[in-house]
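This report refers to the structure that appears directly beneath it.
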Amino acid sequence: MKISSMVITLDGNVAEISSIEEILAEISCIEVGQRHGCKIPIVLEAENESNSRDWFHRISQFPGVFKVEVAFVSFEDLNPVECQEVESQE
Amino acid sequence: MKNQQADRRFFLKTAAMAAATALAAGVARSASTTPGGDALPVLQDVEWNKAPCRFCGTGCHVQVGVKDGKVVAVTGDRKADVNKGLLCVKGYHVGMILYGEDRLTQPQLRVNGKLEPISWDKAIQIISERIQKSPEKFAIYGSGQWTIPEGYVANKFIKAGITNNMIDPNARLCMASAVTGYIGTYGVDEPYNGFSDLDHADCVILWGNNLSEMHPILFSRYMDRKIRGEKISLVDMTTRWTRTSQMADHVLMMQPQSDMAIANCIANQLIANKTYSREFVEKYCNFRGPDGPASLKGVPISFDEYQALVAEYTPEKVSKVSGLSVEELTWLGKLFGNPDIKITSLWCMGMNQHTQGTAINNLVHAIHLLSGHWGKPGDGPQSLTGQPSACGTVREVGTLAHALPGGLLVANPEHAAKVEELWGLPQGRINPKPGYHTVQMWEKFCSPSEEKDSIDTIWVQVTNPGQTLPNLHKLFDPKEKLKNKFLIVSDVYPTATTKLADLILPSAMWVEKNGVFGNSERRTQQWFKMVQPPGEARDDCWQTLAVAHQLFLDGFAGMKKKDGSFLFHFEDKNGKTVPVWDWEKYYDYNVDEFLFEEYRQFTTIKHKNVAPYQELVKARGMRWPVTQDKNGVWRDTAYRFVEGFDPFVEQGKKFQFYHSTTGDDRAMIFFRPYVPPPEMPDDEYPFWLDTGRVLEHWHSGTMTMRVPPLRKAMPSAYVEVNNEDARKLGIRTGDKVKLETRRGELQLNAWIDGRASCPPGHLFVPFFDENLLINQLTLEAHCPISKQPDYKKCAVRISKVG
């Protein structure tokens, strides 16, 4: 499991529109943080490095997203199955 | 165990969100937000330490998280002025470059065509014997990715030890024209300004520079201001439509090489419209004209002569050469003629990889000086570099064939004497004859050994010439059949260069060793070793020191100082000799610090004072000149030659070019005429071929092709074809096509209107793919002054295969 966080910058023209946050919030592997102006912090929990990279690009292509920059990346392997099991037990 | 993992996952996510939230909040306030706060993710058992990113010349700082001897996390460094905690997509993957499956882990010698493992002792002995056999035929080919201590050791090894000056770096291929441009104009190399210009400019002009993909974090600094609604505009002067063009306010699609005519046209208009800065010019500038194609310093001309020379570059005439409309050229003239705005010009390979690279660098400096758009924050010209230490290791340490550390020259007797004094050498040890520049070095290596002045042995460090040299069929491939040639390659992965290597040495990389880089804005950046290199891989710096010591033991005179001691003799604080050649004890000491402090002495000679090593340990890079204020605090310099910023400018001078080539504190405004490219499309080869980089891959792809997500995102090279041309030729995206130039041919897939698009008659191919070597087709023609080749334009034909 790869965990990373990013800062999404919205296009100036759509910075006041909140739909992008709603779209992001519906994606299970993304956690959306508090928006600051046209900047939205997110945490991405992807299955592997390739998946992480794919999400990076998909988010970059979302309407209204101007750019995505990286704040933090973890390369540690966290077994996703085991993590899910723990979650369900909790 | 499961609960531990759940906790860890929770902590990681919390830490990740905290890092991103802090940045979003900080950056949202202002692009010029003062960086600060440690605010490192709190993760159990993870130790954080700072390092500059391994990739481009921007010099973003990252915090590297290490656990159990392995890099496990990377975060942007919030204390770093350059990137303010953010990273681009390549920085995202920088921690993974260490862990490709095919790292080189032991020395290998080619025996009867096959590589066989050998010991380090044997490898060192082989190199030493090879040098002693014919030292005059030995050369080092280095890199803008060398750390400063690595480059310093290699430079001293060659200039003081071997004494043939046969050392040149790959940076000759990427920024040599910027060097000569700065020296011709200001009398001394490197930008006077820095990235903070992007926080102050009203207009940013890109001269053939795809900033959004090549220097994404710098582009972000511009775009953050734009998005916040600040009045700032972007002019993209380009030969192809790129992602940068998509964001630009004005896209000026020019013909290759016509940047020279455009710059002269701006100068002409400034004078004709009387909108040049008469006060700035009269107080701070002299004029220079050409006295031949290879004249670095030019000849004096008067303002009237300059006016007459640029007069022919009317918008009407230049429109025909450049492809820009008269209106666009007139608009540019008015833009520079407006004293109420601040203009930042940026450039990189588009201007530097140019057969008139020095000239176009001079010309862009000239229009800024002439218009007075110079010396104020946000108002000036700046060259960007593509490698992390092209400035630090190549330009400042002087690893070019003609240079010595600190901006000194081998051919200058006073400089040579000073170097001999500082290195403890006998008088006359420094050879005044420059060695071969890169193209010449590889021509001589690919020439028969019997030829006079041939090079027989090259030691390549931290670079991949088998992929990046131009015209590879001429400058690299012949080596295979020349039996007396010996190629030594120190690298981290197998490359196009190691394919022909006779001896391969496995190197440590990035945070597997101590290091110091120097970025594009004179910022010197230090880091410590954080993890062990794999197998028997060792520091490049140690490799050179070990060979030097072997030569010393074998009695090679050049490796002795005049007192008979070892050329790289250092003593610890107890007066005990530091065994820099002994790998087992190498990290008992900080060898980098000894080397850097010795090097630092040179930097004070031409006002390039770098900070003491221990100050760099505390900082996120410091821009030289770094001097102590009256309270003993070390201060770096945002703007050179500008009073109030540069401590070496005398009070009341306002601007002082204290290394002026005319000795009167003035900068040079050059006239350089437009010169057509050496090869242009014709009936036989009707297209232009441009080569360059892509976002996912860094240079020859040695590191980024080992990062699976990057390789997956861009697995192979392609040729970018204009939609209309493709239709005429019956080519669709994905079709196999053949490109042919006078030097070679290559088959690859077409990409039409993909990420970028070429205008009709133009093709673009990236050079990252070692299986599709586009440099078999490029031209080795180079700038007569800087000797930097032009990878951006040659004639090519294209046909569909099958």
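The values are calculated or read from the model by the stated rules, or taken from the named source; none is laboratory data. These numbers were taken from a predicted model, which means no experiment stands behind them. Cβ placement follows ideal geometry from the backbone for every residue including glycine, while neighbour counts extend to all protein chains displayed. The accessibility values were calculated without ligands, DNA or RNA, using every heavy atom of the protein model including side chains. Shrake-Rupley method; radii C 1.70, N 1.55, O 1.52, S 1.80 Å.
Annotations
- Only a single criterion out of (1) surrounded by fewer than 23 Cβ atoms within 10 Å (Cβ to Cβ); (2) closer than 17 Å to B:S700 by Cα is not satisfied by B:L469, namely (1).
- When A:I8 is tested against the conditions (1) within 8 Å of chain B (Cβ to nearest Cβ); (2) crowded, with 16+ Cβ neighbours inside 10 Å; (3) farther than 22 Å from B:G65 by Cβ; (4) modelled with pLDDT of 85 or more, the lone failure is (1).
- Only one of B:R225, B:R221, B:R278 that is over 18 Å from B:Q353 (Cα atoms), open to solvent by 10 Å² or more (accessible area, probe 1.4 Å) and away from chain A (no Cβ under 13 Å): B:R278
- The condition (being touching a residue at least 12 places away in the same chain (Cβ under 8 Å) and under 20 Å from B:E780 (Cα atoms)) is satisfied by just one residue among B:V719, B:V694, B:V675: B:V675.
- Residue check for B:L329: part of a helix (DSSP H, G or I), in contact with a helix residue (DSSP H, G or I) (Cβ under 9 Å, 6 or more places away or on another chain) and either aliphatic (A, V, I, L, M) or closer than 20 Å to B:N193 by Cβ (or both): yes
- Taken over the range B:190-203, the residue count meeting the criterion of being open to solvent by 10 Å² or more (accessible area, probe 1.4 Å) and within 29 Å of B:S786 (Cα to Cα) is 1.
- When residues of the range B:204-213 are limited to those that are assigned to a helix (DSSP H, G or I) and buried (at least 24 other Cβ atoms within 10 Å of the Cβ), the one modelled with the highest pLDDT: B:L211
- Pairs, first more than 7 Å from chain A (Cβ to nearest Cβ) and over 11 Å from A:F72 (Cβ atoms) in the range B:6-18, second crowded, with 18+ Cβ neighbours inside 10 Å and modelled with pLDDT under 80, C-beta under 7 Å, six or more apart: B:F11/B:L43
- Odd one out for B:L500, checked against (1) touching a Phe, Trp or Tyr at 6+ places or on another chain (Cβ under 9 Å); (2) surrounded by 23 or more Cβ atoms within 10 Å (Cβ to Cβ): (2)
- Verdict on B:L115 being in contact with a Leu (Cβ under 6 Å, 6 or more places away or on another chain), surrounded by fewer than 23 Cβ atoms within 10 Å (Cβ to Cβ) and within 30 Å of B:E443 (Cβ to Cβ): no
- Some residue of the range B:296-309 being among the acidic types (D, E) and either under 10 Å from B:F670 (Cα atoms) or not in a loop (DSSP other than H, G, I, E, B) (or both): yes
- Counted as qualifying within the range B:730-802 are the strands (runs of 3 or more DSSP E) with 2 or more residues that are without any contact (Cβ under 8 Å) to a residue 60 or more places away in the chain and not assigned by TED's automatic domain parsing to the domain that holds B:G181, namely B:736-740, B:745-752.
- Of the helices (runs of 4 or more DSSP H) lying entirely inside the range B:564-652, the ones with 3 or more residues being crowded, with 16+ Cβ neighbours inside 10 Å are found at B:591-603, B:613-618.
- Restricting the range B:321-339 to residues that are over 33 Å from the mean Cα position of the chain (by Cα) and not hydroxyl-bearing (S, T, Y) leaves a set whose member that is surrounded by the most Cβ atoms within 10 Å (Cβ to Cβ) is B:V326.
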